[in-house]
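This report refers to the structure that appears directly beneath it.
The values are calculated or read from the model by the stated rules, or taken from the named source; none is laboratory data. Everything quoted here is computed from the prediction, not taken from an experiment. All Cβ positions, glycine included, derive from the backbone under ideal geometry; neighbour counts span all protein chains shown. Ligands, DNA and RNA are stripped out before the accessible areas are found, and what is left, the full protein with its side chains, is counted by its heavy atoms. Shrake-Rupley method; radii C 1.70, N 1.55, O 1.52, S 1.80 Å.
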Amino acid sequence: MSWQRAFARGVGAGDGTAELLGVSVINEHTGGQEAARLIHQPGQSLAEHPRHVTLRIDTLPEHITLQFETPLRLQHEGHALPPAKVSARALLMALVRRASLLAEIHDGKPLYTAGKFSRMTEIANQIESKHNLTWRDWTRHSSRQQRTMQLGGCIGNWQLRGNLAPFHDALRLGSWLHVGKETSFGLGKYRILMEHGT
C-alpha cells in the first residue's frame, strides 16, 4: 500500500508517477539463481509466503569474489572512500557491524560479543584482497531536505582470499542486507561469486 500510494503521488525530483504491477518474494537460492515468487498484484490479497530468509549453510571457500551491483560507500571520518583507499578489513568489519547491529535491534542480542569482534578484526587484517573497482557517481534529490545529494561509490569486483570462515554469516547476510552507507537507498548491493560464477 505504501508503494502504491507513493507511486500515485509521485516520487523523485520530477515527481514521476508509476503503477505497481506486483510484489515478489525471494527466499532461497536455486542453482545459483535467486528464486522469486509473485505474492501480490493490485486488487488481490497478499498470498501466504515465508517471512524469513534461510542462509545457505555451505561454507565459503578461501577465495571468493564480491560483485558490487550498486555503489559501495565505505566511509572514514565522514567521507566515502575511493577505490584506492578501500581495504578488506574496512569491508569485512562493516559487514560484521551491520549484521550484529540489526540482530541486536530486531532480535534483542548482537551476533558477536566484544571479544569475538576484536578477534575478527585481527583476522580481517590478514585477508588478502584485490579489486577492480571504479567510482560511480549517483545523485538523488531529498524532498525532506530540499536539496540534491551526491551519493557515489565503488562498483565492480572485489576478490578476497584467506580465512573467511569467521565472516561466513556476515558475508551471506550482507548479500541480502547490503553493506556500507546509504543501504536504505539500495547502495552496497553485491553478489558472492565463486568458481562457477554463482
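The set of residues from region 1-41 being over 27 Å from Gly174 (Cβ atoms), part of a loop (DSSP other than H, G, I, E, B), modelled with pLDDT of 75 or more and open to solvent by less than 60 Å² (accessible area, probe 1.4 Å) comprises Gly10, Ala18, Leu20.
Evaluate the following for Ala90: is it closer than 15 Å to Gly188 by Cβ, small (Gly, Ala, Ser) and modelled with pLDDT of 90 or more? Yes; evaluated as a whole, the condition is true for this residue. If you check Ser175 against the conditions, is it surrounded by fewer than 17 Cβ atoms within 10 Å (Cβ to Cβ) and among the hydroxyl-bearing types (Ser, Thr, Tyr)? No; evaluated as a whole, the condition is false for this residue. Entry remark, region 184-198: residues being on the phi < 0 side of the Ramachandran plot, assigned to a loop (DSSP other than H, G, I, E, B) and exposed (fewer than 15 other Cβ atoms within 10 Å of the Cβ) number 4 in total. Please determine whether any residue of region 80-95 is out of contact with any Asp or Glu (no Cβ under 8 Å at 6 or more places or on another chain) and over 18 Å from Phe68 (Cβ atoms). No, there is no match, as no residue in region 80-95 is out of contact with any Asp or Glu (no Cβ under 8 Å at 6 or more places or on another chain) and over 18 Å from Phe68 (Cβ atoms). Residue count for region 126-152 satisfying the condition of being open to solvent by 100 Å² or more (accessible area, probe 1.4 Å) and modelled with pLDDT under 85: 4.
When Lys181 is tested against (1) open to solvent by less than 80 Å² (accessible area, probe 1.4 Å); (2) in contact (Cβ under 8 Å) with a residue 40 or more places away in the chain, only condition (1) is not met.
Only residues that are among the polar types (S, T, N, Q) and within 15 Å of Asp58 (Cα to Cα) were counted in region 176-198, giving 1.
Within region 68-98, being of a type outside the set (Lys, Arg), in contact with a helix residue (DSSP H, G or I) (Cβ under 9 Å, 6 or more places away or on another chain) and within 19 Å of Gly162 (Cβ to Cβ) holds for Leu74, Ser87, Ala88, Ala90, Leu91, Leu92, Met93, Ala94, Leu95, Val96.
Looking at Ala165, Ala114, just one residue is at pLDDT below 90 and loosely packed, with under 15 Cβ neighbours inside 10 Å, and that residue is Ala114. Just checking, which of Ile155, Ile123 is at pLDDT 95 or above, more than 20 Å from Ala80 (Cβ to Cβ) and open to solvent by less than 30 Å² (accessible area, probe 1.4 Å)? Residue meeting the stated conditions: Ile123.
Select, from His52, His79, the only residue that is within 17 Å of the chain's Cα centre (by Cα), open to solvent by 70 Å² or more (accessible area, probe 1.4 Å) and free of Cβ contacts under 8 Å to residues at least 40 places away in the same chain. Result: His52 is the single residue among His52, His79 that is within 17 Å of the chain's Cα centre (by Cα), open to solvent by 70 Å² or more (accessible area, probe 1.4 Å) and free of Cβ contacts under 8 Å to residues at least 40 places away in the same chain.
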